[in-house]
Amino acid sequence: MMSEALSAIETRLRDGAMARLKIDHLPQWVHMTGIGGTMLVLLVFVTLFLAFKEVAVWSDWLPADEFNNPQYGERLYPDSVFRTRMNTWSNLSYIFFGFYAIALAINDWKNRLPLERGYLTHAPMLSFLFGVALIYSGLGSGFFHASLTRYGQQCDVGAMYAMMLCMVAIPVGSWLPRLQLPGTHRIFASWPLIAVAVVGGSLFFTYYKWEYEFGDVSAYFAIVFLIFAVVSLVQPGKYLQLRWLIAALIAIVIAAQIRELDIQDSFTHPDSIFQGHAVWHLVSSLYYFLTFLYLRSEERAD
């Protein structure tokens, strides 16, 4: 009897946590979208790899510095469509989480949840853009590590800007879910303007990637996000599950340490399937999705 009671309590706690994330009782098509979309991209990757495994398709492209002076430990195959292999394949993890975020956005749009259930689920377009940015990150980084070209690097870093913009846009929308036209009593939702800003900013930073240092720009984005997290801890009437943010921070610290070991050639040998930068891709994509779950856990007092 005691074990049954404990099991019932655990079930209620688990269902409550899932309800806070708005991922309880998801329809089957959500999972099919996440898995099926990833498998489709995987099929494209496999086809390209088998067709051009030993073809120098990138020889006429301007190489990135990474091609001439490799930073990471994986072996290079200059005359192949995938010049670095595990560092290319591992980007499928971004794509997997991206398709799931898009599927959740569509499900939220169908359910039309009120603002009290959290800003992210109330404005599903931002979840959709988050998913698109994750897929962009997977394809952009995959393009870079497959080609080791300057244009590939531009797409890779441009996708990183898109992710950071999404992570800032959601807190800003949570602070200002509605706007009022100056001089009028007309109130409208802020998410369309925020979505336009995210798309425009992503295109801007992708095109002008070489004009900015990613570390400098991303530091400002990170400050805005951390301010949101701190304020949310004390803001009356707003509740977020801090455990997901803590898990995300732990993930990115671990990922950064593995990446640094790889740069120092201290992680694995060049032909290992466990390449340090590939593991960085896996864990850092988890970091982004855990951050997404943290933002998704928002609940507001009625």
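The lone criterion from (1) over 23 Å from Thr88 (Cα atoms); (2) at pLDDT 90 or above; (3) not acidic (Asp, Glu) left unmet by Leu233 is number (2). Out of Gly138, Gly158, report the one residue that is in contact (Cβ under 8 Å) with a residue 60 or more places away in the chain, open to solvent by less than 10 Å² (accessible area, probe 1.4 Å) and within 23 Å of the chain's Cα centre (by Cα). One residue alone meets the criteria, Gly138. Within the range 56-95, being in contact with a Ser or Thr (Cβ under 7 Å, 6 or more places away or on another chain), crowded, with 22+ Cβ neighbours inside 10 Å and assigned to a helix (DSSP H, G or I) holds for Ser93, Tyr94, Ile95. Within the range 105-123, is even one residue within 30 Å of Leu293 (Cβ to Cβ), surrounded by fewer than 22 Cβ atoms within 10 Å (Cβ to Cβ) and in contact with an Asp or Glu (Cβ under 6 Å, 6 or more places away or on another chain)? Yes, the range 105-123 contains at least one residue that is within 30 Å of Leu293 (Cβ to Cβ), surrounded by fewer than 22 Cβ atoms within 10 Å (Cβ to Cβ) and in contact with an Asp or Glu (Cβ under 6 Å, 6 or more places away or on another chain). Residue pairs whose Cβ atoms lie under 6 Å apart, sitting 6 or more positions apart in sequence or on different chains, and linking a residue in the range 189-207 that is open to solvent by 40 Å² or more (accessible area, probe 1.4 Å) to a partner that is assigned to a helix (DSSP H, G or I) and not aliphatic (A, V, I, L, M), are Trp191/Gly173.
Keeping to the range 147-176, report how many residues are in a helix (DSSP H, G or I), of a type outside the set (Gly, Ala, Ser) and within 30 Å of Ala56 (Cβ to Cβ).
8
Residues in the range 75-114 that are closer than 11 Å to Leu148 by Cβ, in contact (Cβ under 8 Å) with a residue 24 or more places away in the chain and of a type outside the set (Val, Ile, Thr): 5 in all. Cβ-Cβ contacts under 7 Å between residues 6 or more apart (or on different chains), taken from a first residue in the range 248-270 that is farther than 30 Å from Leu295 by Cβ and at pLDDT below 95 to a second residue that is of a type in the set (A, V, I, L, M) and open to solvent by 50 Å² or more (accessible area, probe 1.4 Å), are listed as Phe267/Leu261.
The values are calculated or read from the model by the stated rules, or taken from the named source; none is laboratory data. What you see is a predicted model; the values in this text were computed from it and never measured. We place every Cβ from the backbone using ideal geometry, glycine too, and count neighbours over all the protein chains shown. Just the protein is used for accessible areas: all its heavy atoms, side chains included, with ligands, DNA and RNA removed. Shrake-Rupley method; radii C 1.70, N 1.55, O 1.52, S 1.80 Å.
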